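> Submitted below is the structure of interest, expressed as structure tokens.
The values are calculated or read from the model by the stated rules, or taken from the named source; none is laboratory data. It should be emphasised that the depicted structure is a prediction, and the values quoted were computed from it without experimental measurement. Cβ placement follows ideal geometry from the backbone for every residue including glycine, while neighbour counts extend to all protein chains displayed.
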Amino acid sequence: MSQFISVFDMFKIGVGPSSSHTLGPWKAASSWIQQLRDCQKLETLDEIRVDLYGSLSLTGKGHATDLAILLGLSEVDPEFIPIEDIFIIVHRINIQEQIYFKGGKKIPFLKESITFNKEFLPFHPNGITFRGLRNGEEISMETFYSIGGGFIVQEKDVLEKQAEPDDILFPYPIRKAIELESYCENENLSISTIVYKNELVLKTADKIDFELNRIWQVMLESMYLGCHTEGELPGGLHVKRRAFDIHTKLIKGTSHTNPEDWMTAIRSTNVKFREILKWVSCFALSVNEVNASLGRVVTAPTNGSAGVIPAVLMYYLVIENHDADFEHIKKFLLTAGEIGSLFKKNATISAAMGGCQAEIGVSSSMAAAALTELLGGSVAQCLVAAEIAMEHHLGLTCDPIGGLVQIPCIERNAMGAIKAINAAEMALDVNPKDVKVPLDKVIHTMWETAKDMNKKYKETSEGGLAINVGLADC
């Protein structure tokens, strides 16, 4: 794994409900089609077959994996596609039983063209194989793995085991938390500043600011949309949207027409202590209700945990610091992204590999460190906050009912956000020298726990709540 994972790798704009089961397969399908174009095989293609394996198969229907494949094969971009177009494209393919490619080419694509295989491929639980045929003969076969957070790898790259070249030299190559802390102490710089200096190797200052602001705007818009949308979530569980009712009670009858005015209005209210928890929960629930309905969110570090970081950042903006501006948002996202990259490099952010500790646990850890920096904590205290948040998510399983990213996923985002705030407050009150568990140790422990965890508790819907509470109960 590279010594540097960009904040823009950790925070990807895409469509719900899952970064590993929706965004990843979508990107894999698009990547495969582009490869066919590059080698001039697409025009000769007359049939496509897709095989899903392991967790992608077991929870693929609930995670909209099949829909994501249709959209990826159709060469539409998950970052920019109008949400309403998703359902138009999928409906057209299902009715006409044809895939349309850019340039006008179309080929048959039946429901039977996607096969759900329960067996697991050896490299990763989220495997997907694309086969392209001409006159019944296979002319292309590629296997991809969706490894969490919207990251994908191709099997041929894994098998070749090529070391990733360090062609790009970063001023602060970081693999472990202890290295990050050392750089910060030696240079007398914050975590966000160290990360920013690394990002400047890849992007200009203006580009970094533009992209970070775009990420925040999507986060803000998903909170706003979730708080202003009522009804039931799709999928058959008949889960009632809760953010709308909570928000209606908190906002006390006022109305707003855009996310920025809405945030300003919340800032201006005299929020009582008891309401703070409700607001934070409302922010987190709202994002994940949007995510569950195939809305646009930001992986943070995954779609299933997309509500934690926006909720904690919004808490800081509307509760802790009414004078906060984009510079505070920027620092928060840079710090959070770096903490997430430490888990990505040394453990996993995939629930199919590590259970929900790898999603909600990591997002809570990211948010705790970022909030601690904004609240004036030292670098050591930021790392302590990250450690505390993860320590109290260790062993958290992934057992979604019906394979949907709804129960218990949505509520867990609210709990993860509250834990992050609590972890930050606890870290600010301790001397880091008295802390017994360093962040690197808890990351290692999380990975060991992930490997020991029974497979049925890792995004298969074959254990826990998923089998004890069925669709009939809902």
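> Looking only at the stretch 403-418, which residues are small (Gly, Ala, Ser) and either part of a loop (DSSP other than H, G, I, E, B) or under 15 Å from Ser281 (Cα atoms) (or both)?
Ala414, Gly416, Ala417
> Here is a list of conditions, (1) part of a loop (DSSP other than H, G, I, E, B); (2) small (Gly, Ala, Ser); (3) surrounded by 15 or more Cβ atoms within 10 Å (Cβ to Cβ), and Ser281 meets all of them except one; can you say which number that is?
(1)
> Take the residues in the stretch 454-469 that are β-branched (Val, Ile, Thr) and farther than 18 Å from Gly127 by Cα, then tell me which one is surrounded by the fewest Cβ atoms within 10 Å (Cβ to Cβ).
Ile467
> Any idea how many residues of the stretch 270-287 are under 18 Å from Asn321 (Cβ atoms) and in contact (Cβ under 8 Å) with a residue 12 or more places away in the chain?
6
> Among the numbered criteria (1) touching a residue at least 40 places away in the same chain (Cβ under 8 Å); (2) closer than 25 Å to Ala367 by Cβ; (3) crowded, with 21+ Cβ neighbours inside 10 Å; (4) not aliphatic (A, V, I, L, M), which single criterion is violated by Gly235?
Every condition holds for Gly235 apart from (2).
> Would you pick out the residues in the stretch 216-238 that are assigned to a helix (DSSP H, G or I) and under 18 Å from Ile251 (Cβ atoms)?
Leu220, Glu221, Ser222, Met223, Tyr224, Leu225, Gly226, Cys227
> Going by what's in this entry, would Gly60 be described as farther than 21 Å from Ser222 by Cβ, crowded, with 21+ Cβ neighbours inside 10 Å and modelled with pLDDT under 95?
yes
> Please verify whether Ala380 is assigned to a helix (DSSP H, G or I) and either in contact with a Pro (Cβ under 9 Å, 6 or more places away or on another chain) or in the same structural domain as Glu119 (by TED's automatic domain parsing) (or both), treating the condition exactly as stated. Give the steps one after another, and end with the answer.
Working: assigned to a helix (DSSP H, G or I): yes; either in contact with a Pro (Cβ under 9 Å, 6 or more places away or on another chain) or in the same structural domain as Glu119 (by TED's automatic domain parsing) (or both): yes.
Taking the combined requirement at face value, the residue satisfies it.
> Quick one: in the stretch 1-28, of everything that is among the aliphatic types (A, V, I, L, M) and surrounded by fewer than 24 Cβ atoms within 10 Å (Cβ to Cβ), which residue is farthest from Glu289 (Cα to Cα)?
This residue is Met1.
> Determine whether the stretch 326-342 contains at least one residue that is free of Cβ contacts under 8 Å to residues at least 24 places away in the same chain and either part of a helix (DSSP H, G or I) or closer than 20 Å to Ala177 by Cβ (or both).
yes
> Inside the stretch 65-91, can you point out the residues that are more than 27 Å from Gln40 (Cβ to Cβ), outside any loop (DSSP other than H, G, I, E, B) and either touching an Asp or Glu at 6+ places or on another chain (Cβ under 8 Å) or not aliphatic (A, V, I, L, M) (or both)?
Residues satisfying the conditions are Thr65, Asp66, Glu84, Asp85, Phe87, His91.
Let's see how each residue does on (1) in the same structural domain as Asp66 (by TED's automatic domain parsing); (2) free of Cβ contacts under 8 Å to residues at least 60 places away in the same chain; (3) hydrophobic (A, V, I, L, M, F, W, C); (4) not in a helix (DSSP H, G or I):
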{"site": "Glu112", "(1), (2), (3), (4)": "yes, yes, no, no"}
{"site": "Thr115", "(1), (2), (3), (4)": "yes, no, no, yes"}
{"site": "Ser146", "(1), (2), (3), (4)": "yes, no, no, yes"}
{"site": "Lys197", "(1), (2), (3), (4)": "no, yes, no, no"}
{"site": "Asp209", "(1), (2), (3), (4)": "no, no, no, no"}
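> Go through the stretch 15-50 and give me each residue that's among the polar types (S, T, N, Q) and part of a loop (DSSP other than H, G, I, E, B).
Ser18, Gln40
> Further, regarding this structure: Looking at the stretch 76-88, I want the residues that are surrounded by 11 or more Cβ atoms within 10 Å (Cβ to Cβ) and have a partner that is of a type in the set (Lys, Arg) with Cβ atoms under 8 Å, at least 6 apart or on another chain. Which pairs are those?
Close Cβ pairs satisfying both conditions: Pro78/Lys27; Glu79/Lys12; Ile83/Arg296.
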